[in-house]
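Each value in this text was obtained by applying a stated rule to the coordinates, not by laboratory testing. Here the structure is a predicted model, which means the values were calculated and not measured. FYI the Cβ positions are ideal-geometry reconstructions off the backbone, even for glycines, and counts take in every protein chain you see.
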Amino acid sequence: MNVRKLALIAVLTVAQAASAIPAFAESATQIPAETAAKSAVANTVSSASPKVAAAATAITGTVSPAPTTSPSPTTSPAPTASPNASAFPSSTVEGSPVVEQPGVTPEPSASVSPLATPQPTATSPVPIPASVAGAGQLVLMMNSNKMYLNGVQYLAGQPMAVKNGVSNVAIRAMVERVGLKLTYNGATKETIIMKDGNELRFKTNSKIYTVNGKATTMKGPAYQYKNTFMVPLTSITQALGIPYTVDNVQKRVILTLQTKPKASFTVQPAEIFAGETTVNYVTSNTASNGATIVDERWEGRQDIFEQPGYYTVSYSVMDSNGQWSDPYSVTINVLKPNQPPVAQFTTNKDEYKMGEPITITNISSDPDGDQLTESWSNRALAFFNPGPVSIQLTVTDTHGLSSTFEKTINITNEVLYSQEDFNKLFVPLGDIYTINGSEIPSWNKISYTTGSEPVTLIRSNSPETVYSEGIVYQETAMGDTRLMVHHKNSMSTNMKMYVIATNNNIYPTTITTQRSGFGGPLDIPTATGKKSIETYYQSIQTGSAYSNVTLQPGESKAVLTTINNVTMKPGQIISLMSDVFSDYPVKYSVIMIDATKDPLLTLPTLSYLDRDGVHNRGTYADANRIITVTDPVGATPSRLVIGDNNSDPNLPGTDALSGSVASNAGNFGVVYKITLTRVAPNTLITLNPRGGKYQGPLLVNGNIIQAPNSSAVDAPNQNSVLYRTGNIEQTVEIMFTAASGSNLPINLLFMPLPAQKAQ
C-alpha cells in the first residue's frame, strides 16, 4: 500500500471519530429551569375560560436561546437524565411523591485530532422535562398516572383515561394535591369534598354533581375502576374553580392551583364622628388550596379620625405561599361631632279656662338634621282643675343625645266645658276616653233590617295553640270564599303555615284572590288580628291583593302565600283574612309544619288535629251580613250590638273534619256592611267593647279608623271615637269585621254632641 493511500485512510478514520462525538459535547450551556418552564408553557393550548387563555398568552413569550460556547475537547457535558434510568420505584402508594434520579452522562470516547478541522454541527433542541411547570401548578400526564407538583412526582390510583370521548381523572389523588380533604359515603355512594365552606358531592355512575345541593350536569358519569373513583376532568376543575391548560406537545394537562388570597373588612359602627368614635375594623380573609394567611397590611387605618371628611382605608393579606391579595378598600365618611337637639314648643295661649282646648305646637329641631323622638310629661288636650300647670317635652336624636323644654300655663277658675262634654267634642278619632259603662245597657237598641251575601267562610282557629305538625282545618268550597286563619306555634322549633289548594276536578280551575290581609308573626294575639284586618281593609281601598292562580286537574299549590312567606318562631302567632273566588270546587288544607319541610310532599303524611274545646273552627255560609238602618239615629243615645248571639245571632255551620255542628261564636270572619241612612247632625259615633279588650280597625265612609290608635279599648268603661257628623243629616257607611284575638260583643254607640261655645 503506497503512502498516498495510507494518508487517505488516516484522514477518513479521523473524520469518523469526530462524527461519533455526541451532540451534547459540542456545548456546555445549560437551559435554566425558568427558561425551560416558559418554553413548556409556550406549547400549551388553552381549554379554560377566556381569562385563563389570556393569562396563558401572557406567559407565552418569545424565549431567546442562550449563547452556545465553542466546542472544546477538554469540556465535559453537563449531567442529563439517562433515558434508560428508572424514574420512580416500581411500587408506590397513590399520590405519594416519587424522587427522580438523574442518569450519568458518559464522557466522550474519542478526542478530536489536531490535524482535523472541526465542521459546524447543528445543535438538537433540548427537551423540556414533563415535570417542569410554574410554581403552584399541578401537571397531569395524559394516559398516565403520573402527576407533578413543584417538580415532585406523585402517582394516581389510575391513569388519566378517555371514556366515551371524555377525559377522566382519579379524584382522590388530584384533590389531595389541591390541599383539600375527601370523604366517601358508602351508603349513598357519594364522594364528598369540602372547599371554602362549600360541599361538593359526586355520585358513582351519575352525570350529576351538586354544590351545596345545587345540581350541575357533567359531560360523562363518575365511575369506579379498580377501587379508584374517576370523574370528568372538566367537571372537577370547574367544581373546584381551578383553571387549566392542555399541552398537546408533551401530552399533559397543567392546572393552576395557586390563586390569590382574598381580603375584606367592614367598619363599625355605621356612623363615625370625628374625634369621638373608636373605629372597629372587622376583617374577613380566605386562602385557597389549603394555604393559610400569615401576614396582613393596612393603609390609611386610624382608630379615631380626628377630622371630618372622607378617608380611604385599604387592607391586604399574604398567604403561606407568599402571595398577596389585591387590596380591599373602604371609604369612610367621618362626620362632624354630633350636636344635641333643641327641645321647644309653643301654646296658643298662656292662660286657659277649665275645659278649654289647648293647642300645642312642637317646634323642636336638631342641628344635624336627625329625626327626633318626643316624650311629653303632663300634656293634655285640656285641664279641669285651676292653677298653674307645667308641661314638659324631651326630644332625643338618633344618637341618644336629648334636650328638655318646659313651659308653665295657668288654668283659671272659669269653666268652658265639663270633662264629659269636652271628650265628646274634641277627643281625636281613634283615641279613647272614659265613660260610665254601666249606663250603656239601658240605651235603646237601634232597629234595622238584615240580609246576607253568599260567601262561604272557612274559619281555622282551633286548636288556636298548635303543639304538633298537622292539618288544622280542611274544607272544599267554590265561588266566593273567605279564609280566616289564626294560630300560635307552641312547638320548640320554627314552623310555617300554608294554605294548600287542590283541584280534584277534571277541568282546570282558577282561584282569584280579591282581598287579603295578614298580621304577624308576633307574640301578641290582638296585635296580629288588628294588623290582618287593617291590611284587609287596605286591599279593599287599593286592590293590591288581586291575583289569579290556575290549578290543573289533580294539581296542588300553596296559595295566599303571604302566610308562608314568614317563619313562626316558638310562641309566635299569625292571622290571615282573605277573600277568594274559584270557578270549580277547590279543597283548601290549612297546615302547620316544620319550616324546613316541603308542604306539598309533607301534606299527604299529616294527620288532622283535634279542636281545643275553646276556640272555633268550621265552615259557615252567608258570611257577609248586611245591616240597614233607615230610622233617624243620633238625636238620642242609642246602640247597635254586634256579636252577642242574641240581637246578632252566631252563624251556624259545620266542622268539616269531625262532621259536627258548629256555631261561629263572636261571628269572627263575618263582614258586617252597615248603612245608616239618616244620621242626625252633630252626632258622635264610638265603639264600646262589652266582652273584654278590643283592638281592631273599622272602615267608616271608606276611611280606616283604628279602635283604638294605640293599646286596646277596655270593657266596659272605655270608648274609642269613630266618627262625628257635621251640621246636616247624612248617610254613614261602616264596615266591621272582628279582629282575631279580640273579644266580642261590641256596641256601636250613637249620641248627640254638646253645643260648641266661643273660646
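Take peptides 153-166, 706-719 and line them up by average Cβ neighbours within 10 Å, highest first, as a rough protection proxy.
The peptides rank, most packed first, as 706-719, 153-166.
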Checklist entry - Each residue of the stretch 361-371 in turn: what ³J(HN,Hα) in whole Hz from Karplus with 6.51, -1.76, 1.60 and θ = phi - 60°, glycine and Pro shown as x? => result 10, 7, 10, 5, 8, 9, x, 9, x, 5, 6
Item to check | Tail weight of P(r) past 16 Å, computed on alpha-carbon pairs of the stretch 357-461, percent | outcome: 75
Item to check | Rough spin-label spacing in nm, given labels placed 7 Å along Cα→Cβ, for Tyr223 and Asn280 | outcome: 5.7
Checklist outcome for this item: Relative contact order in percent for the stretch 550-682 (Cα pairs under 8 Å, 6+ apart) equals 25
Checklist entry - So what does log10 I(q)/I(0) come out to for the stretch 573-625 at q = 0.20, 0.29 Å⁻¹, using the Debye formula with one equal point on every Cα and no solvent? => result -1.16, -1.33
Item to check | Computed E for Gln759/Thr465 - FRET, C-beta separation, R0 56 angstrom, nearest 0.05 | outcome: 0.55
Next on the checklist: How large are Rg and Dmax for the stretch 137-256 when calculated on the C-alpha trace, in angstrom?
Outcome noted: 13.4, 43
Checklist outcome for this item: Any residue on another chain or 5+ positions along whose placed amide H is under 5 Å from the amide H of Ile272 is listed here as Leu335
Checklist outcome for this item: Rh (Kirkwood, all Cα-Cα pairs) for the stretch 549-588, Å, reads 12.6
Item to check | Rounded D (µm²/s) - the stretch 496-547, Kirkwood Rh over Cα pairs, Stokes-Einstein at 25 °C, 0.890 mPa s | outcome: 190
Checklist entry - Rounded to two decimals, what ratio of Rg to Rh does the stretch 692-759 give with C-alpha atoms and a Kirkwood Rh? => result 1.01
Checklist entry - How many nm separate the modelled label positions at Asn333 and Asn444, each set 7 Å beyond the Cα in the direction of the Cβ? => result 6.5
Checklist entry - If each Cα of the stretch 347-416 is one equal point scatterer, what is log10 of I(q)/I(0) from the Debye formula at q = 0.13, 0.14, 0.24 Å⁻¹? => result -0.43, -0.49, -0.99
Item to check | Distant-in-sequence amide H partners of Ala621 (H built 1.01 Å from N, under 5 Å) | outcome: Leu457
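Out of all Cα-Cα pairs in the stretch 262-335, roughly what percent, to the nearest whole number, are more than 17 Å apart?
Numbers: 1215 of 2701 pairs.
When every Cα pair of the stretch 262-335 is considered, 45 percent fall beyond 17 Å.
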Next on the checklist: Straight-line reach from Lys597: which lysines fall under 18 Å, measuring Cα to Cα and dropping same-chain residues less than 8 apart?
Outcome noted: Lys214, Lys496, Lys557, Lys569
Item to check | Against the rule of thumb 2.2 N^0.38 Å, how large the Cα Rg of the stretch 509-575 comes out | outcome: 1.27
Next on the checklist: With the crude spin-label approximation of a point 7 Å out along Cα→Cβ, what separation in nm comes out for Val566 versus Lys597?
Outcome noted: 2.2
Checklist entry - Rounded to the nearest 0.05, what FRET efficiency do Ile363 and Asp431 have when you use their Cβ-Cβ distance and R0 = 22 Å? => result 0.40
Item to check | Relative contact order of the stretch 262-335, pairs being alpha-carbon contacts under 8 Å that are 6 or more residues apart, as % | outcome: 36
Next on the checklist: Can you list residues from other chains, or at least 5 along the same chain, whose modelled amide H is less than 5 Å from the amide H of Ile332?
Outcome noted: Tyr311, Thr312, Val313
Item to check | Viscosity 0.692 mPa s, 37 °C: Kirkwood-radius Stokes-Einstein D of the stretch 499-635 over Cα pairs, µm²/s | outcome: 190
Next on the checklist: Using Cα-Cα distances under 8 Å and only pairs 6 or more residues apart, what relative contact order does the stretch 455-620 have, in percent?
Outcome noted: 43
Checklist outcome for this item: Ordering 353-363, 369-379 by per-residue average of other C-beta atoms within 10 angstrom, highest first, gives 353-363, 369-379
Checklist outcome for this item: Between the alpha carbon centres of the stretch 238-257 and the stretch 569-627 the gap in Å comes to 57
Checklist entry - Which whole-Hz ³J(HN,Hα) couplings does the stretch 735-752 yield from phi under the Karplus relation 6.51 cos²θ - 1.76 cosθ + 1.60, θ = phi - 60°, glycine and proline marked x? => result 10, 9, 9, 5, 7, 4, x, 8, 10, 10, x, 10, 10, 8, 9, 10, 8, x
Checklist entry - Using only the Cα atoms, what convex hull volume per residue in Å³ does the stretch 411-505 have? => result 264
Checklist entry - What ³J(HN,Hα) values, in whole Hz, does the Karplus curve 6.51 cos²θ - 1.76 cosθ + 1.60 give for the stretch 261-273 when θ = phi - 60°, with x put for Gly and Pro? => result x, 10, 10, 7, 7, 10, 10, 10, x, 5, 10, 10, 10
